[in-house]
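Right, one structure below, let's go through it.
The values are calculated or read from the model by the stated rules, or taken from the named source; none is laboratory data. The model shown is predicted, which means the values in this text are computed figures rather than measured ones. FYI the Cβ positions are ideal-geometry reconstructions off the backbone, even for glycines, and counts take in every protein chain you see. Please note that ligands, DNA and RNA were not included when accessible areas were found on the heavy atoms of the full protein model with its side chains. Shrake-Rupley method; radii C 1.70, N 1.55, O 1.52, S 1.80 Å.
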Amino acid sequence: MNFIIYFSYIFISTVVLVSWGNFFLKKININNLDYMYIAPILGFFIIGSITLIIHFFFPINYIIGNIILFFGILFFLLNKEFKNKIKLISIISIISFITILFDNINRPDAALYHLPYIAYLNESKIILGINNLESRYGHISFLQYTSSAFKNVMFKDKALFIPVVTIYSSSIIFFLKNFYLQNNNKIKIISLFFLLTILIDMNRFSEFGNDEIAHILFFIFIFYILKLLTQNKTISSTSFNII
C-alpha cells in the first residue's frame, strides 16, 4: 500500500511538472509535440523561477505549494491533448519510482544542506546574508526552490525530491527518443553518449544532489546547441527559444 501511495505521489508530481512545462512552451509559442519530452524539465524551471521571485516577499509555504499543485492539475485537465501525455507521464513515473525504489545508500548531504535550506524556504521569506549565520545555507542551488514548492496539503513533505528524480527520468526518455528517431548520425552519437553517461554514471538517486542534475541540464543544453550546428545554418525562433 505504501508503494501505491508513493507511486501516486510521483505520478501526480510528474503531471504538475509536465503541465507547467507545457504552459511554458505555449507562452513561448512552441506547440511541437517533440518538445513534450523536456516539458517536465521546463516545468521544473518555471516553478523554480516563480518560487524564487515569490521568496523575496513570502515564504514558500503550504499556500504557495497548494496553488502550484492546483494550477498544475488544472492546466492538465484543461489541455485537450492530455490523453497524448498520459503515456509519457506514466513512463517517467515508472522510471522515477524504480530509481527511488532501488536506492539503499544513505548520503548525508540532504540532511546537512538541502533539507535545512528547503525548511528555511518553507518557513521564512528571504533573509539576506543567511549563509553568514550558518555556512550550510551557502551550499545550495536553484533546485531547492522547486523542491520547496512540492510541500503541500496532498504530499506533505513526502515529495520534496521527486521533481529532481523526474529530471533524471525525463532525460533518459529524451536522449533515447533522439537516438532512435533522429536521422542525423552525429545527433544519434551525441544522444547515445549522453544517454550512456547518465545511465552508467548518474543512476543513483542517493547521489543526485545538485551536481549531477546540473550536468544533465547541461547535457540537454549542449545537445540543442550541437543539433542546431549540425542541422541548420540559421537559428529558427523555436530553437532559439528552447536554448
- prompt: Among (1) farther than 30 Å from Lys227 by Cα; (2) open to solvent by 60 Å² or more (accessible area, probe 1.4 Å), which single condition is Ile100 missing?
  reply: (2)
message: Restricting to segment 202-221, and then to whatever is hydrophobic (A, V, I, L, M, F, W, C) and either free of Cβ contacts under 8 Å to residues at least 12 places away in the same chain or not in a helix (DSSP H, G or I) (or both), can you tell me which residue is nearest to Ile41 (Cα to Cα)?
response: Phe218
query: For segment 117-135, what are the residues that are surrounded by 17 or more Cβ atoms within 10 Å (Cβ to Cβ), within 17 Å of Asn210 (Cα to Cα) and not hydrophobic (A, V, I, L, M, F, W, C)?
result: Tyr117
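Counting residues that are closer than 19 Å to Pro40 by Cβ, which helices (runs of 4 or more DSSP H) fully inside segment 51-165 reach at least 2? Even if it seems obvious, please write down each step before you answer.
Working: elements: 62-78, 82-101, 115-123, 130-133, 143-148.
Answer list for segment 51-165: 62-78, 82-101, 143-148.
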query: Across segment 191-243, which residue is farthest from the chain's Cα centre (by Cα) among those that are basic (Lys, Arg) and at pLDDT 70 or above?
result: Lys227
query: Would you say Lys188 is basic (Lys, Arg), out of contact with any Cys (no Cβ under 8 Å at 6 or more places or on another chain), within 18 Å of Ile47 (Cα to Cα) and modelled with pLDDT of 80 or more?
result: no
statement: Taking segment 164-201 and the residues there that are without any contact (Cβ under 8 Å) to a residue 24 or more places away in the chain and polar (S, T, N, Q), the one that is surrounded by the fewest Cβ atoms within 10 Å (Cβ to Cβ) would be Asn183
